[in-house]
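All remarks here apply to the structure that follows.
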Amino acid sequence: MSLRTPSAAFFSIVLGGYVGALTLCATSRVLGAAYTALWPVAIGACAGLIAAGWCHTRSALATTLVRTRLYALPVAVIVAGAVVVPILPAVGVRGLEPWLREWVVEVFVFSLGGAVAYLVTINRHVTALHERESVLAEWHARPDRRYRRLLRAGEFVLGCSLLVVGFALVFALEPSVNPLPAFGGALIGQAITAGRPRTYTLFESGLCVHRSRTINYQFVPRSQLRAVDLTADRLEIERGLPWPLPIRCATATVAHPDRVADALTRVLESAPAAD
């Protein structure tokens, strides 16, 4: 079992475990029992086993979750909550602190479990692509210098802004839940490593991107790829929303950039792969 290349069984176990943990928390609340009580544990275990078995019978479930972006829903909720909750007291909305303290276990399970499920789902999708599709092109490259500067500047400014706003809220309102400084620190860390080389793998159904020394992938579906432009200093791949920036590779770090650009052009000119 590997987080980098999860098998179908491992993917099913992770999703089943996530469903089981959420069911245990919900059942405990409904019954007013402890998390370790017999009925919440039994119901959560049954729900997890049923969900794991159902996932295992759906060979393309990871692909469906990725292409519909449902796999990112827990992460989107976490990020939105982290941004909105600390700001609500500043606009006069009170009363959330006791509720958040009471539901801290459920929030933790939803957040951490959702992040693990997100990671395993996208990696399972990429692993499945290697199993059933041919690799049309693969190259290693660093982002070009202008792109690296843009990423670093944007992430650094946003990270510092979150730090300042987060600490200002601490001193002004003393909120009981304030994850903004943690998110700001994470973005500053991202800015420091923005120039790491990446591995790009092109399939008929889309493009996989893996940054060095990480275990997660990014997948851009074929329908989101817009255009490719090759110049003396950069290879640029335009993509549609929700990605606001194109992919830009320094041509000097790409082996056979002409072949890569030709493969991308052939994929763009072909009919989009069916979801």
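Data table
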item	result
Evaluation of GLY81 against (1) modelled with pLDDT of 85 or more; (2) under 30 Å from CYS55 (Cβ atoms) (one fails), failing number	(1)
In region 242-275, the residues that are part of a helix (DSSP H, G or I), surrounded by 17 or more Cβ atoms within 10 Å (Cβ to Cβ) and in contact with a helix residue (DSSP H, G or I) (Cβ under 9 Å, 6 or more places away or on another chain)	THR251, PRO257, VAL267
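The values are calculated or read from the model by the stated rules, or taken from the named source; none is laboratory data. Remember, predicted model here, so these are calculated numbers, not experimental data. Note that we place each Cβ from the backbone using ideal geometry, even for glycine, and neighbour counts take in every protein chain shown.
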